[in-house]
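Take a look at the structure below.
The values are calculated or read from the model by the stated rules, or taken from the named source; none is laboratory data. The shown structure was predicted, so the numbers you read here are calculated from the model rather than taken from an experiment. All Cβ positions, glycine included, derive from the backbone under ideal geometry; neighbour counts span all protein chains shown.
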Amino acid sequence: MKKYITILAGLSALFFASSSCKKNFLDEKPYSSYTPLTLTDSLGFEASLVGLYNHVSTIFSWADQQGWPSVWAVGTDIANSTANQQGVEVPYYNYASLTPTDGAAGRTWNRNFILVNLTNIIIDGVENPSVTSLSANGKKSVNAEARFFRAYAYNNLATCFGAVPLVEHALTGPKTDFVRAPLTQVNDFIVADLVFAAANLPDIESVKTNTKGKLYGRANKFMAMQLLAEVYLRMNKNDLAEQTAQAIISSGKFSLIKARYGAKSSLPGDYFSDMFKYGNERRSQGNTEAIWVLEQENPTVVVGGITDNPQQRRVWGAAYYSVAGMQIADSLGGRGIARLRLSNWVLYGLYKGNDIRNSEYNIKRHYYYNDPAPAYASKYGKQIPFTGPDTLFRICPSTTKWGAFDPNDTFGYAMIKDFMLMRLGETYLLLAEAQVKQGKTAEAATTINVLRTRAQADQVNASQMNMNFILDERARELLGEENRRMTLMRTGTLVERATRLNANDPAKPITGISATNLLLPIPLGEIQLNKDAVLDQNPGY
């Protein structure tokens, strides 16, 4: 024991002698959370780029507020809230309650500005002349991928909020003097990023592959071009939008789905519904229409395969399971809750004739008792009648695009399914919009008829071509896919279309909507923290 005491005493003496000689022994070197990551090699850049996809996923997968996907559909022309609402979506049909403290507006601002800073870290790093571990082409490739995501974030911000602060470099410390840059300057910044990205991102057939030779959902030049076409439309540069969209279509890299394929193609269905089946959405899975699919994986198989717990199936799918005599089934898309309901305009006025996009496989309108238990034997196989509140959320007609069933999670809290963010069907719609806005109505009709031929819908002519028809067709083609609110904000049509087509829902009517709502409120918390400059609020809030 004496031996150990002697050793400890000696060490203590050494410690105090050392510390007495160096008075800065206890000086701290705190590293601010604002300190940007120093990227110097290819592995660091690669890991940071992959992190961008993870972050973008969080924009779609927020589960703390399960009504988050509803925010972008209810109170527009296509959907209404239901008795199963969660709360975050209320200000988006009861517009008088949409204030600068709104949680959804705050989330939108937060997620996108974080993405801006993450991309700026990569761009600053790869443009640093001292970084010599990457070739010139390697640097361009990294830069292009990061710039695509920066443009994506800024387009979201510009569409939702209008003029916003322009942050061109990574933050290295607290900043409390943000000002809103003119929207024209923000738009030019977005275009410059996308032009660079389109020129330097790989072709979709050259995107990095995994060990099995399957394409990852990494950025390709056509993603940048598709977003650029949309940005040009928002800027009213319609000739450039037309050229850009046409270049995607004419590339020969994509084709509309016109035949059954992939998982479950031997089961009842049609080729349009096949595109949204789990296991069919990716280009590597046979989806020749896919331009950008944000891939998600089962977290029990791939750690971190999804972020949070995406709620799209629960929001868009009917709550049929709550009807006595019904069981949760894969063929019915798993467990939905119907936090929103398609508007009467969509259900009864939007589709005409034999449009395949309105087939029973794409909009589920009828349910049949499927519980074989003796208590329900007399009902088994018969159609459930539409009575009372059933039609509002239990067996309300609903899109099947978000249907997905995980046998390991029949309760269905999370949705493990890819997010199809860009596809060729929308490219045709962007092209037609650009043509209509230039008065090229005959050309627009030809473009729209490509989609309508695929859908087995009646053909249209030049006299029918206007912005309302384009927006109707977007609803027919992209129901449940596009961010409908942002589309109507971008085109300045939210108020008119919501009022004309969906103002009188008996359960959750749209109230208080005005031109103010063509933009979201700048979050009050951001204004209050910005103590050294004025961050102006949007008019009316």
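Some points to look at:
- Within the range 300-329, being among the small types (Gly, Ala, Ser) and either at pLDDT below 90 or at positive phi (or both) holds for Gly304, Gly305, Gly325.
- Residue ID - farthest from the chain's Cα centre (by Cα), chosen from residues in the range 403-437 that are closer than 20 Å to Phe272 by Cβ and part of a loop (DSSP other than H, G, I, E, B): Phe405
- Test: residue in the range 164-182 that is among the hydroxyl-bearing types (Ser, Thr, Tyr), in contact with a Leu (Cβ under 9 Å, 6 or more places away or on another chain) and surrounded by fewer than 18 Cβ atoms within 10 Å (Cβ to Cβ): yes
- Subset tally (residues that are under 25 Å from the mean Cα position of the chain (by Cα) and closer than 23 Å to Tyr271 by Cα) for the range 319-335: 4
- Filtered residues of the range 326-366 (kept if in a loop (DSSP other than H, G, I, E, B) and buried (at least 21 other Cβ atoms within 10 Å of the Cβ)): Met326, Gly333, Gly334, Arg335, Gly336, Ile337, Ala338, Arg339, Ser343, Tyr351, Asn362
- Any hit, the range 498-510, residues being of a type outside the set (D, E, K, R), modelled with pLDDT of 95 or more, surrounded by 15 or more Cβ atoms within 10 Å (Cβ to Cβ) and under 19 Å from Val167 (Cα atoms): no
- Residues (in contact with a Lys or Arg (Cβ under 8 Å, 6 or more places away or on another chain) and of a type outside the set (Asp, Glu)) located in the range 95-128: Leu115, Val116, Thr119, Asn120, Ile123, Val126
- Residues located in the range 473-514, provided they are over 22 Å from Thr427 (Cβ atoms) and of a type in the set (A, V, I, L, M): Leu494, Val495, Ala498, Leu501, Ala503, Ala507, Ile510, Ile513
- Taking the criterion of being touching a Pro at 6+ places or on another chain (Cβ under 9 Å) and either at pLDDT 95 or above or farther than 13 Å from Ala319 by Cα (or both), the only residue of the range 367-401 that qualifies is Tyr380.
- Sole residue being without any contact (Cβ under 8 Å) to a residue 12 or more places away in the chain and in a loop (DSSP other than H, G, I, E, B), chosen from Pro100, Pro129: Pro129
- Screening Lys264, Lys253 for residues that are surrounded by fewer than 22 Cβ atoms within 10 Å (Cβ to Cβ), among the basic types (Lys, Arg), assigned to a loop (DSSP other than H, G, I, E, B) and modelled with pLDDT under 95 leaves exactly one candidate, Lys264.
- Candidate set from the range 183-234 (those that are at pLDDT below 95 and in a helix (DSSP H, G or I)); member that is surrounded by the fewest Cβ atoms within 10 Å (Cβ to Cβ): Glu205
- Test for Ala444: is it more than 22 Å from the chain's Cα centre (by Cα), within 30 Å of Gln296 (Cβ to Cβ) and buried (at least 22 other Cβ atoms within 10 Å of the Cβ): no
- Those residues of the range 283-299 which are part of a loop (DSSP other than H, G, I, E, B) and either at pLDDT 95 or above or on the phi > 0 side of the Ramachandran plot (or both), in sequence order: Gly286, Asn287, Thr288, Glu289
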